Amino acid sequence: MTRIETTFAALKKKQETALIPFLTAGDPDITTTAKLIRTLAENGADLIELGVPFSDPMADGPTIQAASERALAAGTTVEKVLQLVAEVRTDCQVPLVLMGYYNPVFRYGVERFATAAAAAGVDGLLLVDLPPEEAGEISGVLKKAGIAMITLLAPTTPPERMQRLAAAAEGYLYYVSMTGVTGTQKITPDDIRAAVENIQGMTEVPVGVGFGITTAEDAKAVGEFADGVVVGSALVKIIADNAGSDQLLPRVATFITELKQGLLA
Amino acid sequence: MSYQFPDERGHFGEYGGRYVAETLMPALLELEEAYNAVKDDPCFREEFEYYLKNYVGRPSPLYFAQRLTEELGGAKIYLKREDLNHTGAHKVNNTVGQILLARRMGKKKVIAETGAGQHGVATATVAALFGMECEIFMGKEDIRRQALNVFRMKLLGAKVHECTSGTATLKDAMNDALRHWVTHVRDTFYVIGTVAGPHPYPQLVRDFQSVIGEEAKVQLQEAEGRLPDAAIACIGGGSNAMGTFYPFIKDRSVRLIGVEAAGLGVDTDKHAASISAGAPGVLHGNKTYLLQDEDGQINHAHSISAGLDYPGVGPEHAHLQDIGRAEYVSITDDEALEAFQKLTRIEGIIPALESAHAIAEVMKLAPTLPKEQVLLVCLSGRGDKDIHTVADAMNVDL
């Protein structure tokens with residue numbers, strides 16, 4: 001079993017929901033990101049989505065846009081993100097999914113990327129602007145490298161298409177909780193519940209929910225029915241507000257602990 | 001020659017496609033279906049042609065630029081006068097088409113991105129005509145450069161959003177328009193202004209703009225009894241060029257020449273020549289040539305002309321480049337300014353700075369060709385909007 005499968009299987013046995021924080025690699029710098037990943041893993045993160053910064057993050061709201069800009073200004077590249085993963089892997093086995101946009105991966109070279117990412121210890125890849133219709137040019141090489149291609153489902157996805165995408169899913173499915181960009185609107189858990197339960201009926205693959213989960217309360221509400229909750233902008237904001245301070249790691253630890261407790265309660 | 005693009009998956013060879021977030025995929029599939037349903041529907045064609053004739057003022061004249069021809073002393077130069085369209089540029093051909101389509105689809109709101117403001121004005125104009133809500137996304141830098149067009153859009157009832165992210169130009173306006181669309185996708189139609197973006201946009205914008213080349217073909221047949229030796233048009237995203245080229249693609253004797261903006265020079269880091277100096281990549285929903293660095297981050301584009309100030313190009317142009325059917329050259333800011341002044345003085349036509357790039361290429365090319373050859377040039381827009389920029393460049397204080 002892969003690290004992603006093992007993690008979800010263990011959580012299922014305990015009837016727990018996976019806590020999936022998102023942070024942008026290189027914000028405020030690569031060394032700090034390594035510390036942040038370890039802090040998250042030690043305080044309750046079950047899987048981590050690591051953002052690969054892109055100059056034109058079309059699916060992101062202002063918080064993650066700004067994080068991408070800071071990361072790029074700090075000199076973050078695909079190569080450095082992969083080195084970061086390899087370095088973290090020496091003592092930390094939390095599943096890591098790289099999340100971002102297709103162009104940096106395409107430019108790096110799809111095969112070269114798959115090989116290097118697998119060697120570094122990347123478990124999954126989620127490319128926001130690469131729908132299944134265009135993923136053919138990368139899915140084969142990722143499969144060969146043992147990296148799961150994470151698929152997004154949206155509130156606008158029609159039932160027949162949802163069925164098809166869910167059936168082909170690997171790792172976990174990421175349900176986008178609202179029509180919008182990341183971190184900009186409050187969610188309504190009751191609407192999401194129906195959609196997520198519907199998807200769960202179509203697949204054995206766990207279903208995570210993200211976009212708009214900002215508080216421990218949100219996480220708890222969504223955790224009632226989802227197999228995983230993704231918290232992105234809220235964490236990125238804490239990192240931005242505390243970058244350079246010795247309070248950064250303690251504050252992130254407190255935030256993630258509270259989220260996890262909400263999911264356990 | 002057979003030329004059937006895009007293919008059923010929306011690709012032009014290896015370019016094009018639909019590289020968008022899942023939230024938008026259903027909207028694009030719906031748009032494709034709606035467009036396929038109307039594109040051969042005579043009622044839709046008739047409606048489209050009615051508004052092109054009676055509202056836009058088509059056909060636009062094909063004007064023999066006799067004095068420019070004599071001055072350059074070579075090939076005969078014909079100007080396709082898109083500058084005489086309602087709203088002053090070719091952009092309105094496409095906005096009429098897309099908004100008629102939006103109406104068929106029952107959408108009540110339209111959004112658009114704009115660089116120079118011509119597409120924003122053309123969208124706001126047609127939205128006003130049909131009583132639709134309209135929001136325009138425009139970079140802060142372009143709002144500064146094109147204050148007149150911003151005011152025109154507001155007079156037409158549109159809401160103008162200022163985009164401050166990134167370089168605050170056309171690329172960033174498109175990012176913000178896509179972000180808005182993803183949030184309001186259920187009731188909003190996105191009117192993309194060029195032959196770029198996810199499928200089916202490159203195809204439908206090309207088809208709506210093809211009226212340029214189709215008319216010119218007939219008009220040139222009447223004037224000269226023949227095809228042109230070359231068709232020349234400027235390229236930002238490339239919609240006026242695609243509209244000019246497409247009806248000639250199967251006429252192999254016609255050279256197709258796209259003119260990119262070289263800004264301060266393609267050997268500097270201040271230009272917008274995606275084909276001449278870029279590399280394949282994925283941005284704004286399509287795979288195409290992009291200005292980008294080694295790590296796949298999009299570079300800033302630069303051109304004196306706001307309408308060409310974009311780091312990508314329509315995917316069909318990328319394909320035409322690769323198969324060698326079209327040639328792509330570039331013209332600097334200075335060359336465009338010189339052409340702007342020359343056409344103004346010699347023909348009494350003030351071209352848009354975008355179109356001045358095509359004229360500048362003609363000034364290089366025409367003298368090298370024999371007098372019996374014929375050049376078709378798309379004069380894509382008029383230059384009223386650029387007067388302040390040109391005055392600045394000439395160090396004139398208005």
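The values are calculated or read from the model by the stated rules, or taken from the named source; none is laboratory data. Here the structure is a predicted model, which is why all the values come from computation and not from measurement. Note: ideal-geometry Cβ built from the backbone for every residue, glycine included; neighbour counts use all protein chains shown.
Remark: A:Thr214 matches the filter, which requires a residue to be away from every other protein chain (no Cβ under 14 Å), touching a strand residue (DSSP E or B) at 6+ places or on another chain (Cβ under 9 Å), surrounded by fewer than 21 Cβ atoms within 10 Å (Cβ to Cβ) and under 30 Å from A:Ile30 (Cβ atoms).
Of the listed requirements (1) in contact with a Lys or Arg (Cβ under 9 Å, 6 or more places away or on another chain); (2) in a strand (DSSP E or B); (3) surrounded by 24 or more Cβ atoms within 10 Å (Cβ to Cβ), B:Pro280 misses just one: (3). Of the helices (runs of 4 or more DSSP H) lying entirely inside segment B:120-226, those containing at least 3 residues that are more than 14 Å from chain A (Cβ to nearest Cβ) and in contact (Cβ under 8 Å) with a residue 24 or more places away in the chain are B:140-145, B:147-155, B:201-209, B:211-224. When segment A:181-211 is limited to residues that are touching a strand residue (DSSP E or B) at 6+ places or on another chain (Cβ under 9 Å) and touching a residue at least 60 places away in the same chain (Cβ under 8 Å), the one that is surrounded by the fewest Cβ atoms within 10 Å (Cβ to Cβ) turns out to be A:Pro206.
Per-residue answers, yes or no, for (1) closer than 19 Å to B:His90 by Cα; (2) not in a helix (DSSP H, G or I):
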residue: B:Ser330; (1), (2): no, yes
residue: B:Ala339; (1), (2): no, no
residue: B:Glu354; (1), (2): yes, no
residue: B:Val362; (1), (2): no, no
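When B:Tyr35, B:Tyr63, B:Tyr55, B:Tyr51 are checked against the criterion of being assigned to a strand (DSSP E or B) and aromatic (Phe, Trp, Tyr), a single residue qualifies: B:Tyr63. Are any of the residues in segment A:109-127 hydroxyl-bearing (Ser, Thr, Tyr), within 14 Å of another protein chain (Cβ to nearest Cβ) and surrounded by fewer than 23 Cβ atoms within 10 Å (Cβ to Cβ)? Scanning segment A:109-127 turns up no residue that is hydroxyl-bearing (Ser, Thr, Tyr), within 14 Å of another protein chain (Cβ to nearest Cβ) and surrounded by fewer than 23 Cβ atoms within 10 Å (Cβ to Cβ).
From B:His271, B:His302, which residue is assigned to a loop (DSSP other than H, G, I, E, B), over 25 Å from B:Pro198 (Cβ atoms), at pLDDT 95 or above and more than 14 Å from chain A (Cβ to nearest Cβ)?
B:His271 is the lone residue from the list that is assigned to a loop (DSSP other than H, G, I, E, B), over 25 Å from B:Pro198 (Cβ atoms), at pLDDT 95 or above and more than 14 Å from chain A (Cβ to nearest Cβ).
Evaluating B:Tyr35 against the criteria (1) surrounded by 23 or more Cβ atoms within 10 Å (Cβ to Cβ); (2) more than 19 Å from B:Ala358 (Cβ to Cβ); (3) of a type outside the set (A, V, I, L, M, F, W, C) leaves one unmet condition, (1). For segment B:16-51, the candidate set comprises residues that are over 23 Å from A:Pro159 (Cα atoms) and aromatic (Phe, Trp, Tyr); within that set, the residue that is nearest to the other protein chains (Cβ to nearest Cβ) is B:Phe44. Say whether the condition of being over 16 Å from B:Val205 (Cβ atoms), of a type in the set (A, V, I, L, M) and more than 20 Å from the chain's Cα centre (by Cα) is met by at least one residue in segment B:28-50. Checked segment B:28-50: at least one residue is over 16 Å from B:Val205 (Cβ atoms), of a type in the set (A, V, I, L, M) and more than 20 Å from the chain's Cα centre (by Cα). Of the numbered criteria (1) surrounded by fewer than 17 Cβ atoms within 10 Å (Cβ to Cβ); (2) within 11 Å of another protein chain (Cβ to nearest Cβ); (3) aliphatic (A, V, I, L, M), the one A:Val105 fails is (1). Summed over segment A:49-92, residues that are touching a Ser or Thr at 6+ places or on another chain (Cβ under 7 Å) and not aliphatic (A, V, I, L, M) total 9. Mind checking which residues of segment B:84-109 are in contact (Cβ under 8 Å) with a residue 24 or more places away in the chain and either outside any helix (DSSP H, G or I) or basic (Lys, Arg) (or both)? Residues satisfying the conditions are B:Asn85, B:Ala89, B:His90, B:Lys91, B:Arg103, B:Arg104, B:Met105, B:Lys107, B:Lys108, B:Lys109. Assess whether B:Arg104 counts as being modelled with pLDDT of 95 or more, out of contact with any Gly (no Cβ under 6 Å at 6 or more places or on another chain), among the charged types (D, E, K, R) and under 30 Å from B:Ala65 (Cβ atoms). Criteria not met by B:Arg104.
Here B:Thr389 passes the criteria (1) within 18 Å of B:Gly263 (Cα to Cα); (2) of a type in the set (S, T, N, Q); (3) in contact with a Ser or Thr (Cβ under 6 Å, 6 or more places away or on another chain) except the one numbered (3). Across segment A:68-115, the number of residues qualifying as within 26 Å of A:Met1 (Cα to Cα), under 16 Å from the mean Cα position of the chain (by Cα) and outside any helix (DSSP H, G or I) comes to 8.
In segment B:218-248, of all residues being within 13 Å of the chain's Cα centre (by Cα) and small (Gly, Ala, Ser), the one that is nearest to B:Pro370 (Cα to Cα) corresponds to B:Ala233. Put simply, of A:Leu165, A:Leu173 the only residue that is within 13 Å of chain B (Cβ to nearest Cβ) and over 15 Å from A:Glu49 (Cα atoms) is A:Leu165. Counting the residues of segment B:274-299 that are under 18 Å from the mean Cα position of the chain (by Cα) and either more than 14 Å from chain A (Cβ to nearest Cβ) or more than 28 Å from B:Arg9 (Cα to Cα) (or both) gives 2. For segment A:33-50, filtered to residues that are within 20 Å of A:Leu82 (Cα to Cα), in contact (Cβ under 8 Å) with a residue 60 or more places away in the chain and not in a loop (DSSP other than H, G, I, E, B), the residue that is nearest to the other protein chains (Cβ to nearest Cβ) is A:Glu49.
When you check A:Val230 against the structure, is it at pLDDT 95 or above, outside any helix (DSSP H, G or I) and within 17 Å of the chain's Cα centre (by Cα), yes or no? Yes, satisfied.
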